[in-house]
Each structure stands twice: as structure tokens, then as C-alpha cells.
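Asks: One structure is given below, represented as C-alpha cells, and several questions about it will come after.
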Amino acid sequence: MSHAATTPERYGLLAEFDSPQTLLDAAHAVQRAGYTKTDAFSPMPIHGLAEALGFEEHLIPKIVLGAGILGLIAGYGLEYWTQVIAFPENIGGRPYHAWVAFIPPAYETTILFAALSCFFSLILLCGLPKPYHPVFNHPRFSTASADKFFLVIEATDPKFSMDATKTFLDGLGAKETVAVDE
Amino acid sequence: MQNSSFPEGDFRAPVPVLAPGQGYRSITDKLTSIVFTKNTPAAWFAFVGVGFMLVMGLMLALTNLLLKGIGIWGNNIPVGWAFDIINFVWWIGIGHAGTLISAILLLFKQDWRMSISRSAEAMTIFAVICAALFPIFHTGRPWLAIYWLLPYPNTMTLWPNFRSPLIWDVFAVSTYATVSVVFWYTGLIPDLATFRDRAKHPVVARIYGVLALGWRGSAKHWYRYENASLLLAGLSAPLVLSVHTVVSFDFAVAVLPGWHATIFPPYFVAGAVYAGFAMVLTLLIPLRVMFHLENQITMHHIENMAKVMLVTGLIVVYGYGCEAFFAWYSGNSYERFMMINRTWSGPMAWSYWMLLVCNLIVPQLMWSKRFRRKIPVIFTVCMFVNVGMWLERFVIIVTSLHRDFIPSSWAMYYPTRWDFITLFGTIGLFLTLMFLFVRVLPMIAIFELRTLLPDAKPKASAAGDGGSH
């Protein structure tokens, strides 16, 4: 890696805010101004913030429903196959296909598959694990997990212009606006 | 629920969950300082020391068990199940409070859960670990338990019998353990990111950084995160109800008088929550003092937990009443004998009366607001409940087994010292794991407490969509 020739690419402008209210108002303003490649960072969930940036997604519930149904079929199928097809055993004269007795394990596998799919879809949809991200280059970004609020407009946004966007963000009540590199 | 629509001082206004005068920074500082400090309280070392000594006892008892076999325990025909299953049910029940607090109270939007949910979830996991030790070691040869318990294609082409409640137990408990760990870890991710950003030592920061998976608090991630948390809570709630239901099926499906009762599933679930809340209070009361968490775990929290304990305790007592009523109303002479033997004529009737003292009489103190606000009283009541719930399982399991249908098969049951060493060993394991947890991971959900601060729920701007929460 030679340091002399490469200049890192600009990732975007990161504006710092003091309170959830100023961040949410800024997010609405950024969305109205027509910026699309944006994101906000906060130490806790803020209701309506993602929606204010024009983000909407209903994937996780669908994945979880699908995985739950799959878990039900897998659990019941395992029971049916092992007890009726693979090795039928007469235990206490009970039927091979004892569907009432098959309910509890199938119920548990339904929940198991659904819960695991919920966790993994959360992690993968968020693109985690991601040890490096350009926003971590901001010297004060570590406060985003404690008490500060950030908003980024990426340099690849079609409306992005270094000076105009910085003036725009400063006008929204940002305490400080810093350019960060990739 | 901070933005109350009621004027200040109105009795309908909700009680604030956190003590006033805290901010984002002070909450973060307070809760990270428990881990990032060089001044570990001396009491912490005392608890871990005692816990670790008991763990050594557990190691000794289990090693002896593996060398000699389960004959070192007191259970033998007709009492084929004794301490091993009593302790299993006791520990599993204790774990239930964690899931109840974090899942069911989340679905009911009970904000006070946030201060206690993390440590209660950790308690769930550790309690399930302690519980699982008993059936696994009761097999005598745990290395063979894999094919006895889990359905996997083996060379003998044998499969577990899915018509037996014992295999339902395997599925219920292993699913419960897995989902509890997933739910707990999901909750930890944002707080691990806080730890990563505040750790001074680079190695420590690296470890928390790996565990935090690169969480950066993006609004889009939070959106998915809230979605996923709600779904996990929605999945955990029916799961936790099913786990103790299935545990109660181990007994209710059998024909033994004292076990064969339809009241068992709801009665066991209520008992689990009751025991669990008692254990949460038993642990949080010392931790609150040790780490000065009075502003985060307020008297309001402790009082609420005492109320839940009282209510579930009354449901449990209703269960005792039902058992006695069924025995009389069924007209079945074996059922009637079981009840008379359990309460009066049997050699273990003392355990039933001790159980009533612990679970029926002492918890009634919690009706009084004055006692609900006195820490020593609550702690004492919790200790009675912890013992009482253990005795409940002793009564159900041992006294039912030692006097069944035919007098020729009656016998006494006496536990051995190894039974006691193993029981106290798991208590030590539980204490050790719990106290190690509070010292290395955030014991209170920091990011959730931030959402309770007065300005954490901003209003959507006038020109915005106007549809926040």
C-alpha cells in the first residue's frame, strides 16, 4: 500500500446534532430538499427517523413468517418420517401417526426457525458484521453511541455539492459539519 | 410515556420510570462505569468467591457421579425421580421471569421493564444452563445422551419416541435456550457498540468491537432492529408459555395420583413466573446496592416486581386449591389418599405445610404498600418464595412417587450428600455466571433507558408526515 499516490475518495458530509428533535427536523428537511443517499445515526431508536429519510422496508416479518411455516413443516415432517416411515414402533399401542403428540415438538421448531431467521435477517439486511465503515473516520463519531446525533449526505448523491450541501446542513442547526473520506 | 397528557401532579399521570435529572451522557457514563472501573466492589469478590467454591463442589459431585454412576444419588425405585428433576423444574421456572419481563412486558409496552430486562434475560440463560445439567447428568452417561435425546441419523437407525413428553421437553428446553440467547444478544448489540466506543484499552475495544458486529446506530438499522425486537418478543411470549407447559406434561401425562391433573400447565407457568420474579429480586437487590443503581432501578421497579410476585403467587395457591378440590370431587380413592397422605398422614406431610408457609402465608405481606417499599422485607419474602417453589416440586414429585397405588411398592426417600452438593453447586454456578456477567457486559439496556429520557421522543415536524409513534 503506497500512501503517496492515493487520495481517498470523499464519502460524504457528516453533520452533528445535539438532540433527537433537531436531528428529526433536519432529516425531514434533507428529504424535502431532494437528497436520496442519506442516513442518520443515533444512540437509541428514534421513531419516524428512518421514515423521515424515505426509508421503508417490510422484509423481516415476511421472512420470519416463511421460516416459521418451514419450521412447522420440518418439525412435523421429521416426526412423521421417523415414527411412521423410517422406524415404526408400537409403543403402548399408540398410533404411529399420533398427531396430537406431534404438536408440541412441531410448535417448538416453528418458533426456533422463526426466531433464528429473525436474528439472521436482521444482521444480514443491515450488512453486519461490518467492522469498517467510513463514518467511523469522523473523530467524534464515537459519541454517536452515547449522546450525539449525526446525519450524513453521501458524496454519490446526485444533488451533492461540497459547498452547497455544507451550507445547507449548517443551516439546519448542525453543531458541526465534517467531510469524511472513504 | 413521558409526554403525559395529564397535568403535573395528576394522579392519573404515569409514574416516571427513571429518577429525574439524568441525561444521555450521565446514563451512559453511569452504566459503562460498572464495567470500565478499577474499583470492583469488595462484595462482588465475596459473591464470586462463594459462588466459585460451590462450583468446585459441583465439579467434585459430577466427577464422582461419572465415576460411580447415579447410585450416589438418593433416588431409587419407587422414587426414580427426585432432586434431579426437582432442581431441573426449579431452575427452568426461575428462568421464565427473564423472558416474561423482556418479551411479554415489551408487548404490553411496560416501560419499567427496561431497567431490569437485560439482567433478567441473562438470568434466564444461566438458569437454563443449571437446569440442563440435571437431566443430562441423570442419564448417567451424558456422552450417550446425544442419541437418546436428539433425532439424528445414527448407525442403529433408531429415533427418539415423539409420543413421549420427555422428548417434547428436549425440544422445548433447547429451543428456549437458543431463542433466549438470540434475544439477549440482539439486545446487547447496540450497548456493545457503546462499550466499544468507550473502552480505553485497545484490546478491550477490539473485543467489544467484534461482539458489536460494527453496529453504528444507523436509522435504517434501528428501523429493522425495532421490527426484529418486536418479532422476537412476539415469538418468545408463546415460547415461554409452552416451555413450562411441556415441563408440566412430563407429570400430567403420567397416571400417577398427584401428577395426573389438568390444572398443571397454567399452574406450572404461574409458578415459574412467581419463582422467577423472586429470583430477579433476590439478585437485583444486592446488585442495586453494590453498583449504586438506585436511580435506574428505582423503588417503583421493586414495587412492581413485588406486585407481579404477589399476583402469580395467588395463581399458584389457586393451583394448590384445585389439586385438593379435584382429589375430593373426583371421588377416586387413590386421588383422595394422595391428598390425605400429602397433607396429613404421610411421612412427608411436613413439606406440604412448609410449602404453604413459604408460598401462601409469607407473600401476603406484599399486599401492604409499606412492606413493598421496605427492601429487607421484600428480600426476606423472596427467600421464602425461592425455598417454597423448590418445596412445591419436592411435594409434587417425591411425595407422589413414594406412595403410589400398591402399598407393597411404597418406600421412603432420603437424599444423599451428593444430591445436596449438586444442588448447591448449581446455585454457585448461577451466582458465578451472573456476577461475571455484570462485570463484563452491560447489565442494564443502556439504549433503552435513553429512550425514556424526556426529549427522546421528538415530534415529527409540522411539514413532515406527522406520523411518528
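Asks: Let's test the formula: R0 of 51 Å, r as the Cβ-Cβ distance of B:Ile146 and A:Asp18. What FRET efficiency results, to the nearest 0.05? Could you put the intermediate results ahead of the total?
Replies: Numbers: r = 56 Å, r/R0 = 1.10.
Efficiency computed from Cβ-Cβ geometry: 0.35.
Asks: Taking +1 at the Cβ of each Lys and Arg and -1 at the Cβ of each Asp and Glu, which of B:Thr155, A:Leu169, A:Gly12 sits farthest along the dipole of the protein assembly as shown towards its positive end, judged by Cα position relative to the Cα centre?
Replies: Result: B:Thr155, furthest along the dipole toward the positive end.
Asks: Also, quick follow-up: If each of A:Ile103 and A:Glu176 carries a label point 7 Å out from its Cα toward its Cβ, how far apart are those two points in nm?
Replies: 6.2 nm
Asks: Something else: Tell me, Kirkwood radius of region B:238-397 from alpha-carbon pair distances, in Å?
Replies: Numbers: mean 1/r = 0.0601 Å⁻¹.
It works out to 16.6 Å.
Asks: For region B:374-413, count all C-alpha to C-alpha pairs, find those more than 15 Å apart, and express that count as a whole percent of the total. Each step should come with its number before you reach the end.
Replies: On the way: 436 of 780 pairs.
Across region B:374-413, Cα pairs with separations above 15 Å total 56 percent.
Asks: Now, a different point. With r defined as the distance between the Cβ atoms of B:Val181 and B:Thr37 and R0 fixed at 41 Å, what FRET efficiency is calculated, to the nearest 0.05? Intermediate values should be presented prior to the final figure.
Replies: Values: r = 27 Å, r/R0 = 0.66.
So the FRET efficiency works out to roughly 0.95.
Asks: Right, another one. Of the options B:Leu356, B:Met383, B:Ala324, report the single residue whose Cα projects farthest towards the positive end of the charge dipole of region B:307-389 (beta-carbon charges: Lys, Arg +1; Asp, Glu -1).
Replies: Comparing the listed Cα positions along the dipole, B:Met383 ranks first.
Asks: Something else now. How high is the FRET efficiency between B:Asn76 and B:Met299 when r is their beta carbon distance and R₀ equals 45 Å, given to the nearest 0.05? Don't jump to the answer; show the numbers that get you there.
Replies: Details: r = 49 Å, r/R0 = 1.09.
Between B:Asn76 and B:Met299 the formula returns 0.40.
Asks: Helices from chain B with mean Kyte-Doolittle at least -0.5 and a Cα length along the axis of 18 Å or more, per DSSP H: which?
Replies: Values: long enough: B:42-68 (39 Å, 1.86); B:83-99 (25 Å, 0.92); B:114-138 (37 Å, 1.35); B:165-198 (48 Å, 0.69); B:219-252 (49 Å, 0.57); B:264-290 (39 Å, 1.57); B:299-329 (44 Å, 0.81); B:375-394 (29 Å, 1.46); B:417-440 (34 Å, 1.50).
Long hydrophobic helices here: B:42-68, B:83-99, B:114-138, B:165-198, B:219-252, B:264-290, B:299-329, B:375-394, B:417-440.
Asks: Under 5 Å between amide hydrogens, which residues at least 5 positions from A:Tyr11 or on another chain qualify, with H placed 1.01 Å from N in the peptide plane?
Replies: Correct list: A:Val180, A:Asp181, A:Glu182.
Asks: Step through the table entries A:Lys37/B:Lys220; A:Lys130/A:Lys166; A:Lys62/B:Lys457; B:Lys30/B:Lys369; A:Lys37/A:Lys148; A:Lys37/B:Lys109, compare each Cα-Cα distance with 24 Å, and write down the pairs that go over it. Provide the component values of the computation, followed by the final result.
Replies: On the way: A:Lys37/B:Lys220 12 Å; A:Lys130/A:Lys166 27 Å; A:Lys62/B:Lys457 28 Å; B:Lys30/B:Lys369 30 Å; A:Lys37/A:Lys148 21 Å; A:Lys37/B:Lys109 34 Å.
Beyond 24 Å: A:Lys130/A:Lys166; A:Lys62/B:Lys457; B:Lys30/B:Lys369; A:Lys37/B:Lys109.
Asks: Suppose every Lys and Arg Cβ carries +1 and every Asp and Glu Cβ carries -1, with no other charges. What dipole size does region B:267-418 come out with about its Cα centre, to the nearest 20 debye?
Replies: Working: 12 positive and 6 negative charges, 87 e Å.
Charge dipole, region B:267-418, about its Cα centre: 420 debye, nearest 20.
Asks: For region B:272-343, just list the percent of Cα-Cα distances falling in each 5 Å bin from zero outward, please.
Replies: Distribution as computed: 4, 15, 18, 14, 11, 10, 8, 7, 6, 5, 3, 1 percent.
Asks: What helices does chain A hold that run 27 Å or longer along their axis, going by alpha-carbon atoms, with a Kyte-Doolittle average of -0.5 or more, using DSSP H for the helix calls? Show your work: numbers first, answer last.
Replies: Numbers: long enough: A:59-80 (31 Å, 1.42); A:99-125 (38 Å, 1.69).
Span-like helices, by this rule, are A:59-80, A:99-125.
Asks: Work out, step by step, the length gained on full extension between B:Met383 and B:Ala46: first 0.36 nm times the residue separation, then minus their alpha carbon distance; give nm to one decimal. Intermediate values should be presented prior to the final figure.
Replies: On the way: separation 337, 0.36 × 337 = 121.32 nm, distance 1.93 nm.
Gain on extension, B:Met383 to B:Ala46, equals 119.4 nm.
Asks: What average number of partner chain Cβ atoms lie no more than 10 Å from the Cβ of the residues making up B:17-27? Please report the intermediate quantities before stating the final value.
Replies: Numbers: counts 0, 0, 0, 0, 0, 0, 1, 11, 5, 1, 3.
The per-residue average across the peptide is 2.
Asks: Additional query: Between B:Ile340 and B:Lys374, 0.36 nm times their residue separation minus their Cα-Cα distance comes to what?
Replies: Working: separation 34, 0.36 × 34 = 12.24 nm, distance 3.84 nm.
Contour length minus the Cα-Cα distance gives 8.4 nm.
Asks: Let me understand region A:1-99 better: what is its radius of gyration from the alpha carbons, and its Dmax, in angstrom?
Replies: 27.4, 82
Asks: Considering the dipole of chain B built from charges on the beta carbon (Lys and Arg +1, Asp and Glu -1) around the Cα centre, which of B:Tyr274, B:Ala177, B:Tyr24 is farthest to its positive end?
Replies: So the residue furthest toward the plus end is B:Tyr24.
Asks: Return the average number of partner chain Cβ atoms within 10 angstrom of each residue Cβ along peptide A:100-107.
Replies: Working: counts 1, 9, 3, 1, 11, 11, 2, 9.
Per residue, the number of nearby Cβ atoms from other chains is 6 on average.
Asks: To the nearest 20 debye, what is the magnitude of the charge dipole of chain A about its Cα centre, counting +1 on the Cβ of each Lys and Arg and -1 on the Cβ of each Asp and Glu?
Replies: On the way: 11 positive and 19 negative charges, 48 e Å.
For chain A, the charge dipole is close to 220 debye.
Asks: Separate question: Mark the label point 7 Å from the Cα of A:Lys130 along Cα→Cβ and return the residues of region B:211-229 whose backbone N is within less than 12 Å of it.
Replies: Inside the label zone: B:214-222.
Asks: Shifting gears a bit: Across 5 Å bins from the origin, how do the percents of Cα pairs in region B:219-302 run, short distances first?
Replies: The percentages, shortest bin first, are 3, 12, 13, 12, 12, 16, 14, 9, 5, 3, 1, 0.
Asks: Within region A:21-52, list the residues whose amide N lies under 11 Å from a label point set 7 Å along Cα→Cβ of B:Asp455.
Replies: A:21-23
Asks: Moving to a separate point now. What full-extension length gain, to one decimal in nm, is calculated for B:Ser26 and B:Gln110 as 0.36 nm per residue of separation minus the Cα-Cα distance? Let's see the in-between values first.
Replies: Values: separation 84, 0.36 × 84 = 30.24 nm, distance 2.31 nm.
Extra length from B:Ser26 to B:Gln110 when fully extended: 27.9 nm.
Asks: A further question follows. Leaving out ligands and nucleic acids, and using a 1.4 Å probe, what accessible area per residue does the protein assembly as shown come to in Å²?
Replies: Details: 27640 Å² over 651 residues.
Each residue of the protein assembly as shown exposes 42 Å² on average to a 1.4 Å probe.
Asks: Is region B:38-140 rounded, prolate or oblate when judged by the Cα gyration tensor, a ≥ b ≥ c being the square roots of its eigenvalues, rounded requiring a/c under 1.5 and prolate requiring a/b larger than b/c? Could you put the intermediate results ahead of the total?
Replies: Details: a/c = 3.79, a/b = 1.50, b/c = 2.53.
Because a/c hits 1.5 or more and a/b fails to exceed b/c, region B:38-140 counts as oblate.
Asks: Only Lys, Arg, Asp and Glu count, each charged at its Cβ (+1, +1, -1, -1), so figure out the dipole size of region A:1-90 about its Cα centre, rounded to 20 debye.
Replies: Computed charge dipole of region A:1-90: roughly 240 debye.
Asks: If you don't mind, another one. When the C-alpha atoms of region A:30-182 are aligned to their principal axes, what extent does each axis show, in angstrom, from largest down?
Replies: Principal extents (largest minus smallest coordinate, Cα): 81, 28, 25 Å.
Asks: Can you give the log10 of the normalised intensity I(q)/I(0) at q = 0.10, 0.11 Å⁻¹, computed with Debye over equal Cα scatterers of the protein assembly as shown?
Replies: One equal scatterer on each Cα of the protein assembly as shown leads to -0.99, -1.15.
Asks: With the radius of gyration and the Kirkwood radius both derived from the Cα set of chain B, what is their ratio Rg to Rh? Display every interim value, and only then the final one.
Replies: Working: Rg = 23.8 Å, Rh = 24.0 Å.
Result for chain B is an Rg/Rh of 0.99.
Asks: Return the inverse of the average 1/r over all pairs of distinct C-alpha atoms in region A:59-125, which is the Kirkwood hydrodynamic radius, in Å to one decimal.
Replies: Working: mean 1/r = 0.0775 Å⁻¹.
After inverting the pairwise mean of 1/r, the radius is 12.9 Å.
Asks: Taking the convex hull of the alpha carbon atoms in region B:111-204, what volume per residue do you get, in Å³?
Replies: Cα-based convex hull of region B:111-204, divided per residue, equals 170 Å³.
Asks: In addition: Given contacts defined as C-alpha pairs under 8 Å and at least six residues apart, what's the relative contact order of region A:59-125, whole-number percent?
Replies: Values: 60 pairs, mean separation 36.7, N = 67.
RCO, region A:59-125: 55 percent.
Asks: Please compute, for peptide A:62-70, the average count of beta-carbon atoms on other protein chains lying within 10 Å of each residue's beta-carbon.
Replies: On the way: counts 0, 2, 6, 1, 0, 0, 2, 0, 0.
Mean inter-chain Cβ contacts per residue within 10 Å come to 1.
The values are calculated or read from the model by the stated rules, or taken from the named source; none is laboratory data. These numbers were taken from a predicted model, which means no experiment stands behind them. Heads up, the Cβs are rebuilt from the backbone with ideal geometry, glycines too, and the neighbour counts pull from every protein chain shown. Just so you know, the surface numbers come from the protein's heavy atoms only, side chains and all, with ligands and any DNA or RNA stripped out. Shrake-Rupley method; radii C 1.70, N 1.55, O 1.52, S 1.80 Å.
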